[in-house]
1. I need 39, 107, 154 ordered by Cβ neighbour count within 10 Å, fewest first.
2. Given 0.36 nm per residue, what is the gain on full extension from residue 150 to residue 104 after removing their alpha carbon distance, in nm?
3. Nearest 10 degrees, 0 to 90: what angle lies between the long axis of helix 98-111 and the longest principal axis of the chain (Cα atoms)?
4. Going by average Cβ density within 10 Å per residue, which order do the peptides 43-49, 60-66 take, highest to lowest?
5. Would you kindly state how much longer the chain becomes between residue 125 and residue 31 on full extension, computed as 0.36 nm times their sequence separation minus their alpha carbon distance, in nm to one decimal?
6. Just the Cα atoms of region 1-92: what Rg and Dmax do they give in Å?
7. Work out how much length residue 24 to residue 95 would gain on full extension: take 0.36 nm times their residue separation and subtract the Cα-Cα distance, in nm to one decimal.
8. For region 70-135, what class follows from the C-alpha gyration tensor (a ≥ b ≥ c being the square roots of its eigenvalues): rounded when a/c is under 1.5, otherwise prolate if a/b is larger than b/c, else oblate?
Amino acid sequence: MVYYDKNGIVIRDLQKGDAQIITDEEIAQGWQATTDKYEMRLRHQAEGKVIALVAEWNGSIAGYINVYPDSQCGAYANLGYSEIVDFGVLKKYRRRGIGSKLMDIAEQIAFSYSDVIYIGVGLHSGYGSAQRMYVKRGYIPDGSGVWYKDQICEPYRDCCNDDELVLYLLKNKK
């Protein structure tokens, strides 16, 4: 399904061949990547658990985002809230409005299922642009503190500033 098609940006459902293309592009930009998470999203999509989206820029895959309408993971698992997961725009396609359009479409979908959306954002500098974007879009910290490996990180507990260290943010439907 195509959700958006204007000014060179197309937002559509993730398809089987996309997993390898995205993985190859992520490796080319220096990320450690495998097709595993995209193949998992395809399975979840087939099971009706996720709306997995891909953005194209003038015909080339440029980014991705996923909406779990009733997430089974994270701070609000099994509460009927929509979760936005694994949002990314490849470096060579940034600053063209692709990320904003992906978020627009993901939020429209998420809010069609629940009045609250949540998202976990990493805390290291690699997530800096995402952190700023979420705040500008009206997301606020949920107040539960920092999470590490899907559990609240208790005060003074050791953790690692890796992709598993996240802060959950909420956005309410207006």
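We did not get these values from a lab; they are worked out from the coordinates using the rules stated. Please read all numbers here as calculations on a predicted model, not as lab measurements. So basically every Cβ, Gly included, is an ideal-geometry build from the backbone, and we count neighbours across all protein chains shown.
1. Details: 39 14, 107 21, 154 10.
In order of increasing Cβ crowding within 10 Å: 154, 39, 107.
2. On the way: separation 46, 0.36 × 46 = 16.56 nm, distance 2.62 nm.
Gain on extension, residue 150 to residue 104, equals 13.9 nm.
3. Tilt relative to the chain: about 60 degrees.
4. On the way: 43-49: 12.7, 60-66: 22.0.
The densest-packed peptide leads the list: 60-66, 43-49.
5. Details: separation 94, 0.36 × 94 = 33.84 nm, distance 1.44 nm.
My answer for the length gained is 32.4 nm.
6. Rg then Dmax for region 1-92, in Å: 13.5, 38.
7. Working: separation 71, 0.36 × 71 = 25.56 nm, distance 2.10 nm.
Full extension from residue 24 to residue 95 adds 23.5 nm.
8. Oblate.
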